[in-house]
Amino acid sequence: MSTDQPPPDAGRFSFCFQGISVSVFSDSAEVLDALKVDFGALDFMPQKPSYKSIQLYCWKSECHQALPAIRASMVQPRYASFENSDERWVDYYNGEALVRWQKREDRGVLWTKNNELMHEVAYLIILARLGELLEEQGYHRVHALGLAAGGAGIMLLLPSGGGKTTLSMKAISLPQVKLLSDDLTLAKSDGTLIGFPVRIGVCGKPHNIDEKHLRYFQRREFDAKWLIDLNAFRDKLETTAPARCTLIGVRNLNAPARIVPAGRVSAFKAFFSGMVVGVGVPQLVELFLGLDWQGLVFRIWLTARRLYAAVRLVFLTRSYFFELSRSPEENFAVFQKFLAEFEPSP
């Protein structure tokens, strides 16, 4: 199918965030509906005039156009990536999905016959490219739970699977707490945290969320998750907050939960991992990592900006170790007590 002339029966979903407009075209209504739930809350954030656009075309078919003769530039068990000066092709799972990305136009095409795979790949493409463009504006991605409590921004840096979502669902039940982002918080070097509300995924089925806001999603490489529509608690979403506190999550095998002060070196190490290197941040290197000299210069520039922002955040926030027990209830009780006693500096 042609990307420039979608068929008459193709659907479309669009949203705009921080001046970046995203449009998705597809002949799969199921995938479009899923992406609307994934990203729909971003449309309700404060808007800026659009200056950049991303277009993604998702077709439930094989690619019927002639493929260029390009040698592989990156090969991993789940993909092979092929690049020339104008575009990049990525073959996922030995032909189950194929992506073509045109660099100058910021436009891509995804072909696959598998609806769940189409949803998974499309979601990651949008999240990774949107995040990269946001970083060019100075909105740096931090792999952290972002909360606003009494107007103060709090970040909890914890590896994937460490319980951020479980804690966030309990925390926003408190009257003074709102959600900035469940897993990917945006931070500026001046200490401002920006709300980035995209879909929330939990391993076990939540029993306190209305069924109409839940979807079961079987991921290709990881365990299945229950996805929560942010419409379930739109009144608990916050748009921005000044960063005042950094909690560095540490798991314990057999010790009570507690929150204790942490030094700046420890805080910087946490930001270096979850922000500068971007561990846990969707970056889709097989599609967006430039391997030429221009790509290298861009990465050096971006890393320098991330380092500067990380250092600023270390000095602008008070840092603590959040030593987590194996009991989610105990962890939440300790966190709730911490919030009640925490007095953010002006």
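The values are calculated or read from the model by the stated rules, or taken from the named source; none is laboratory data. In this text, all values refer to a predicted model and were calculated from it rather than measured experimentally. All Cβ positions, glycine included, derive from the backbone under ideal geometry; neighbour counts span all protein chains shown.
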remark   = Scanning the range 111-121 for residues that are buried (at least 21 other Cβ atoms within 10 Å of the Cβ) and touching a helix residue (DSSP H, G or I) at 6+ places or on another chain (Cβ under 6 Å) gives 112, 118, 119
key: Verdict on residue 89 being of a type in the set (Phe, Trp, Tyr), within 25 Å of residue 286 (Cβ to Cβ) and free of Cβ contacts under 8 Å to residues at least 60 places away in the same chain   = yes
ask   = Could you list, in sequence order, the residues of the range 292-331 that are among the hydrophobic types (A, V, I, L, M, F, W, C) and touching a helix residue (DSSP H, G or I) at 6+ places or on another chain (Cβ under 8 Å)?
value = 302, 307, 309, 310, 311, 313, 314, 315, 321, 322, 324
message = Going residue by residue through the range 55-73, is there one that turns out to be modelled with pLDDT of 95 or more, of a type in the set (S, T, N, Q) and either outside the structural domain of residue 222 (by TED's automatic domain parsing) or under 30 Å from residue 18 (Cα atoms) (or both)?
response = yes
message = Quick test of your reading of the structure: residue 43 fulfils all but one of (1) within 19 Å of residue 196 (Cβ to Cβ); (2) at pLDDT 90 or above. Name the failing condition by number.
response = (2)
query = Taking the stated definitions as given, is residue 243 in a helix (DSSP H, G or I), at pLDDT 90 or above and either touching a helix residue (DSSP H, G or I) at 6+ places or on another chain (Cβ under 9 Å) or over 23 Å from residue 342 (Cα atoms) (or both)?
reply = no
ask   = Which numbered condition trips up residue 327, out of (1) surrounded by fewer than 17 Cβ atoms within 10 Å (Cβ to Cβ); (2) closer than 30 Å to residue 73 by Cβ; (3) in contact (Cβ under 8 Å) with a residue 24 or more places away in the chain; (4) of a type in the set (Gly, Ala, Ser)?
value = (2)
key: Any hit, the range 164-180, residues being surrounded by fewer than 21 Cβ atoms within 10 Å (Cβ to Cβ) and among the charged types (D, E, K, R)   = yes
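Going through 232, 144, 149 one at a time, which residue ends up being of a type in the set (A, V, I, L, M, F, W, C), at pLDDT 90 or above and more than 24 Å from residue 277 (Cα to Cα)? Walk me through it before giving the result.
Values: 232 fails: at pLDDT 90 or above; 144 fails: more than 24 Å from residue 277 (Cα to Cα).
It is 149.
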Residue match in the range 283-297 (condition: aliphatic (A, V, I, L, M), crowded, with 20+ Cβ neighbours inside 10 Å and closer than 22 Å to residue 45 by Cβ) = no
note = Conditions (1) touching a strand residue (DSSP E or B) at 6+ places or on another chain (Cβ under 6 Å); (2) in contact (Cβ under 8 Å) with a residue 60 or more places away in the chain; (3) polar (S, T, N, Q) -> residue 76 fails only (1)
